[in-house]
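Worksheet: one structure, shown below.
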């Protein structure tokens, strides 16, 4: 029969909207399915007009192990969701077809998608154990290496396409670094935005240095990173402005969180690291005048002592020294004025 078929015949649908490949998968005609795929794979991933299910999803839903095996062997796409948002793997999980799930898990890494959702849909303990093990393998062998790599390279689009619901966004490298920290250190703003929107922890401190992401950005001189992070500093005078939080590529845009959710993950602009230094001090020591000015304008304190116990002045960079001392004098003048006037309204401004 296969010798009489043309590739164009595989585009024909019956009265119910099924292609020949869908029919073969549904009735587990695996030998016929194999022949059809040898003729053409062009409709292998076609979706049903009413349900959005592919041939792979139909076979998984019914529990047709042989059909699922042949489709995956021919590299059928396992990440096409139906109109209800379920992937082929989810169909097998919801119907407790453990043998079909086993087949899916044999085709690493192509089928290791949306495993967290599959675990939530799972009702059988033995099946949940397998899915959890697969999820852990995905994190170790797919997600973590890609997170760390994209944090260095700045490829936010590749990272956006990879990340799934439930992926661990804050894994540590062997040196104690984590993806968001590396993105900040390397000045990768788009990756930073994406990681933060997906749950990356900007308050986290480096286990060795005690540095926050703000410390790292200040030390490396990343002005754009500092500008972004200052939106989420709890004692910044200008935090959470009404600006767009979308990353530069519209295709990678994600839904913006509510401000209340953002406030739960706020940085401290005056936090100190293990050397008892703030981000302002680190920027001043490097002579990054634009960053110093930015931090000061957002409320960074100038009441800082150096290693000798004196107020920080940064004499090696005249411009930075003038900015710090001018802000300190202004703040001192405001305090004196508030005391003289016994003004309670001025106190929040000076805190």
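Here, each number is a calculation from the coordinates, and none is a lab measurement. On a predicted model such as this, the values are computed, not experimentally measured, just so you know. Every residue, glycine as well, gets a Cβ built from its backbone with ideal geometry; the counts of neighbours run over all protein chains shown.
Summary table
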{"read-out": "For the chain, built as a Gaussian network whose Cα springs stay under 10 Å, the top-fluctuating residue of 156, 81, 57", "value": "81"}
{"read-out": "Using distinct alpha-carbon pairs, which all enter the 1/r mean, Kirkwood radius of region 115-223 in Å", "value": "14.7 Å"}
{"read-out": "Footprinting exposure proxy for 209, 302, 308, 313 (fewest neighbouring C-beta atoms within 10 Å first)", "value": "308, 209, 313, 302"}
{"read-out": "Kirkwood estimate for region 268-312, i.e. one over the average of 1/r between Cα atoms, Å", "value": "10.6 Å"}
{"read-out": "Backbone N within region 295-312 under 19 Å of label point (7 Å from residue 339 Cα along the Cβ vector)", "value": "302-304, 311"}
{"read-out": "Volume per residue of the C-alpha convex hull in region 160-240, rounded to whole Å³", "value": "102 Å³"}
{"read-out": "Cα-Cα P(r), the chain, percent of pairs per 20 Å interval", "value": "25, 39, 23, 11, 1"}
{"read-out": "Residue order, fewest to most beta carbons within 10 Å, for 178, 135", "value": "135, 178"}
{"read-out": "Between helix 318-341 and the chain: long-axis angle, C-alpha atoms, 0 to 90°, nearest 10", "value": "70 degrees"}
{"read-out": "Equivalent ellipsoid dimensions for region 1-129 as semi-axes, Å, which come from the Cα gyration tensor, largest first", "value": "26, 15, 12"}
{"read-out": "The chain: relative contact order as a whole-number percent, Cα under 8 Å and 6+ apart", "value": "8 percent"}
